[in-house]
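The values are calculated or read from the model by the stated rules, or taken from the named source; none is laboratory data. Please read these numbers as outputs of a predicted model, since none were measured by experiment. Here the Cβ positions follow ideal geometry from the backbone for every residue, glycine too, while neighbour counts run over all protein chains shown. Surface areas here come from the heavy atoms of the whole protein model, side chains and all, with no ligands, DNA or RNA. Shrake-Rupley method; radii C 1.70, N 1.55, O 1.52, S 1.80 Å.
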Amino acid sequence: GEVEAALRAHPAVGDAVVVARGAGAEGARLVAYHVPAEGAARPSAAELRDHLRGRLPDYMVPSAFVALDAFPLTPSGKTDRRALPEPAAPEPAGEGYVAPRTPAEELVAAVWAETLGVERVGVGDDFFELGGHSLLAAQLVARVAAATGAELPVRALFDAHTVERFAARVDEALRSASGARRPPLAPAPRDGGPLPLSFAQERLWFLDRLRPGSSAYNMPAALRFTGALDADALRRALDEVVKRHEALRSRFLNERGRPVQVVDEPRPLEWSLADVSHLEGEAREAELRRLALEEAARPFDLEAGPLLRAGLVRAGEGDALLLLTVHHVAADGWSMGVLAREMVALYEAFAAGGDAALPPLPVQYADFAAWQRDWLAGGALEAQLGWWRERLGPPAPEAEIPTDRPRPETQTFAGAHHATSLGAEVSRRVRALARAEHATPYMVLLAAFQAALRHHVRSDRVTVGTDVASRGAPETAGLIGLFVNQLVLTTDLSGEPSFRALLGRVRETTLGAYAHQDVPFNLLVDAVGAARDPSRNPLFQVMFVFDGAPVPELRFAGVEMRAMEMQLAGSPFDLSVLVSEEEGGEYRCVWRYNPDLFNASTIAAVAESFGVMTRAATRSPDALLPALLDVVADAEQARRGAELERLKEAKALRFGKLGRRKGTEEAGEPEPVA
């Protein structure tokens with residue numbers, strides 16, 4: 001919606017529609033469709049791109065612009081987004097083409113041409129003007145690293161987005177020789193025996209051994225289908241996905257005290273079936289939700305497998321609910337997108353009477369696990385650990401949100417949820433401040449969150465964790481598996497900085513952590529000497545995660561599909577905050593917490609502090625942190641005062657009723673009915 005509004009501000013644009021399109025392994029890209037204003041000449045893509053760059057950050061500028069005479073309409077007169085045409089392929093370099101002049105420029109141009117799917121790329125060509133976007137940027141940087149040995153952060157491409165400027169960064173990195181080169185990711189030798197786990201898998205295996213039967217690491221999904229669903233094609237599609245990805249048919253065994261994984265031969269997925277079509281209205285919907293929550297909370301046996309479950313619930317004629325649950329040791333959030341896209345593509349092929357048409361995978365997850373251990377066994381790990389030791393130092397006593405109940409001796413992983421929204425206006429100000437400070441909305445929200453936590457933890461050193469995809473190798477883009485890693489983000493809030501200055505600190509901390517994201521979290525814990533305590537997570541107790549990637553529309557031919565909102569059953573941390581951007585640009589927050597530690601009112605207070613801090617900081621970014629914390633404290637005091645008044649009123653009403661009841665009893669009158 002924000003991109004559309006910015007496009008409509010161009011005098012030559014009469015109307016605009018922006019959608020997320022694409023179903024490749026790299027995910028979706030933004031495509032802008034526009035019709036000219038009355039009497040105006042049709043603007044060029046370059047003109048519109050320059051117009052948007054003055055108003056939006058790079059990652060929000062669409063990859064493609066499609067000019068139309070008019071938008072296709074539905075019978076009701078609304079824009080038919082599904083009928084919008086696919087954009088044409090990016091145009092090759094034109095008359096202004098200048099051939100690469102140095103070895104670095106030749107390598108960079110070749111990688112750009114391959115990644116973007118264009119015939120040739122010149123030294124003056126712009127990555128984003130050729131159709132690149134933020135998800136492709138990570139792949140391009142990884143491919144340049146594999147081709148040249150130059151390890152560059154993704155932000156280098158945003159700062160230097162022509163071949164000439166980016167090649168200069170490559171030359172500079174090669175001259176400084178900062179960092180070890182990643183070896184190529186290739187299939188590992190297979191002798192039929194057990195395979196090693198990745199470091200992330202090993203950590204989850206240990207946590208499962210510590211508390212077997214927990215559902216805290218279940219990843220559920222529920223998809224509602226309306227229309228003539230071909231259930232047999234759906235089952236075949238999921239069977240083919242399991243056949244393609246070894247991670248979904250792996251089991252984890254204990255071999256002399258060490259975990260190993262065994263990949264089973266492909267076999268049909270076991271399905272559970274249920275029928276609630278005999279129920280009507282609210283009763284049917286309640287039963288569907290009960291079944292979905294019951295399935296999401298059912299634990300996995302990592303040794304017995306399988307680690308993916310599927311069930312189909314018939315809700316009526318042309319109405320069905322698909323329940324999918326996978327254990328986190330076999331997949332991550334990115335993997336769920338891969339699974340959904342492949343399921344849709346395979347269903348379409350099977351429903352039309354065809355065969356599986358997906359290209360073969362270059363490697364499997366077990367190959368990545370072996371590659372990761374071999375690579376980090378050398379000097380690459382120590383080079384990155386040095387940065388983390390310097391930033392984290394000897395672990396100081398953790399600043400924690402005070403709990404409402406004593407912390408149990410071992411984590412319970414119980415889960416509860418609280419949802420809030422920042423509102424459209426505040427969300428708009430978050431993006432505007434990010435653009436002004438050359439940051440991202442995530443960095444602005446993280447700065448506000450850590451500042452708000454300062455009010456509750458009473459410490460100038462605030463540490464939270466976050467997730468990072470860790471799919472630097474291009475071969476991992478289309479794989480299902482556990483690649484996600486956890487980063488530790490510690491911010492120093494001392495010295496009474498303004499919020500703008502604090503955002504600068506958070507920006508540098510975040511970018512530095514991203515540049516050293518290859519260190520597996522459990523190895524980082526050991527390297528900095530953090531104590532292992534079964535009652536808590538090491539290094540941090542609070543997670544803050546931002547999900548800002550556009551989600552492509554998934555649909556079967558002739559069948560409408562929509563996702564049922566599912567909350568994860570447990571909470572592996574004291575508190576996890578997931579911020580997502582809703583349609584229309586509003587930021588929504590889901591607060592997942594452990595009710596064995598916190599009352600719902602405590603988490604609501606923390607959420608309110610975050611909202612107040614974000615509103616105040618984005619309105620007055622030059623305000624000093626103590627003044628902003630005073631605003632948070634005043635809001636909390638007002639909330640407590642209102643709550644106290646409410647309790648007083650309830651108490652007075654209760655005692656008033658009791659008094660009246662006592663009087664009537666003494667008079668021998670019957671007790672009134674409330």
When the stretch 361-404 is checked residue by residue, the ones that are free of Cβ contacts under 8 Å to residues at least 40 places away in the same chain and either under 26 Å from the mean Cα position of the chain (by Cα) or part of a helix (DSSP H, G or I) (or both) are Glu382, Gly386, Glu390
Checklist line | Filter pass, Leu135 being at pLDDT below 75, assigned to a helix (DSSP H, G or I) and over 24 Å from the mean Cα position of the chain (by Cα) | finding: no
Considering the stretch 579-604, residues that are open to solvent by 10 Å² or more (accessible area, probe 1.4 Å) and small (Gly, Ala, Ser), and then whichever is nearest to Ala451 (Cα to Cα), we arrive at Ala604
So, first residue in a helix (DSSP H, G or I) in the stretch 46-61, second residue of a type in the set (Asp, Glu) and open to solvent by 20 Å² or more (accessible area, probe 1.4 Å), Cβ within less than 9 Å, six or more apart or across chains; the pairs are Ala46/Glu129; Arg49/Glu129; Met60/Glu2
Going by what's in this entry, would Leu489 be described as open to solvent by less than 30 Å² (accessible area, probe 1.4 Å) and part of a strand (DSSP E or B)? yes
Only one of Ser571, Ser576 is small (Gly, Ala, Ser), assigned to a loop (DSSP other than H, G, I, E, B) and open to solvent by less than 30 Å² (accessible area, probe 1.4 Å), namely Ser571
The one condition Ala356 fails out of (1) open to solvent by 40 Å² or more (accessible area, probe 1.4 Å); (2) among the aliphatic types (A, V, I, L, M); (3) within 20 Å of Arg224 (Cα to Cα) is (3)
Restricted to the stretch 498-509 and to residues being crowded, with 18+ Cβ neighbours inside 10 Å and closer than 22 Å to Glu400 by Cβ, the residue farthest from the chain's Cα centre (by Cα) is Leu502
If we keep only residues of the stretch 248-264 that are farther than 12 Å from Pro306 by Cβ and among the charged types (D, E, K, R), then the residue most open to solvent (accessible area, probe 1.4 Å) is Arg256
Residue pairs qualifying under the 8 Å Cβ cut-off, at least six apart or on distinct chains, with the first in the stretch 63-77 being surrounded by 11 or more Cβ atoms within 10 Å (Cβ to Cβ) and the second being of a type in the set (Phe, Trp, Tyr) and part of a loop (DSSP other than H, G, I, E, B), are Ser63/Phe128
Across (1) under 23 Å from Val528 (Cα atoms); (2) buried (at least 21 other Cβ atoms within 10 Å of the Cβ), Ala447 clears everything bar (1)
Note on the stretch 90-107: residues open to solvent by 80 Å² or more (accessible area, probe 1.4 Å) and either of a type outside the set (Lys, Arg) or modelled with pLDDT of 70 or more (or both) are Glu91, Glu95, Pro103, Glu106
When the stretch 290-345 is checked residue by residue, the ones that are within 26 Å of the chain's Cα centre (by Cα), open to solvent by 30 Å² or more (accessible area, probe 1.4 Å) and closer than 20 Å to Ala228 by Cα are Arg341, Ala345
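Looking at the stretch 450-463, which of the residues that are part of a strand (DSSP E or B) and either surrounded by fewer than 22 Cβ atoms within 10 Å (Cβ to Cβ) or at pLDDT 95 or above (or both) is farthest from the chain's Cα centre (by Cα)?
Arg461
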| at negative phi and either crowded, with 19+ Cβ neighbours inside 10 Å or part of a helix (DSSP H, G or I) (or both): does that describe Asp533? | no
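Being part of a helix (DSSP H, G or I) and touching a residue at least 24 places away in the same chain (Cβ under 8 Å) narrows it down to one residue among Leu185, Leu238; which is it?
Details: Leu185 fails: part of a helix (DSSP H, G or I).
Testing whether each residue is part of a helix (DSSP H, G or I) and touching a residue at least 24 places away in the same chain (Cβ under 8 Å) leaves just Leu238.
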Flag for Val363 being out of contact with any helix residue (DSSP H, G or I) (no Cβ under 7 Å at 6 or more places or on another chain) and crowded, with 16+ Cβ neighbours inside 10 Å: no
Those residues of the stretch 265-289 which are open to solvent by less than 30 Å² (accessible area, probe 1.4 Å) and either within 19 Å of His328 (Cβ to Cβ) or free of Cβ contacts under 8 Å to residues at least 12 places away in the same chain (or both) amount to Leu269
Selection from the stretch 305-338 of residues among the hydroxyl-bearing types (Ser, Thr, Tyr) and either part of a loop (DSSP other than H, G, I, E, B) or under 12 Å from Trp271 (Cα atoms) (or both) yields Thr325
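Give me a count of the residues in the stretch 474-486 that are in a loop (DSSP other than H, G, I, E, B) and either farther than 19 Å from Pro520 by Cα or open to solvent by less than 20 Å² (accessible area, probe 1.4 Å) (or both).
Selection size over the stretch 474-486: 7.
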Does Arg429 count as open to solvent by less than 50 Å² (accessible area, probe 1.4 Å), charged (D, E, K, R) and not in a strand (DSSP E or B)? yes
Of Arg341, Arg373, the only residue that is under 23 Å from Thr325 (Cα atoms), at pLDDT 85 or above and among the basic types (Lys, Arg) is Arg341
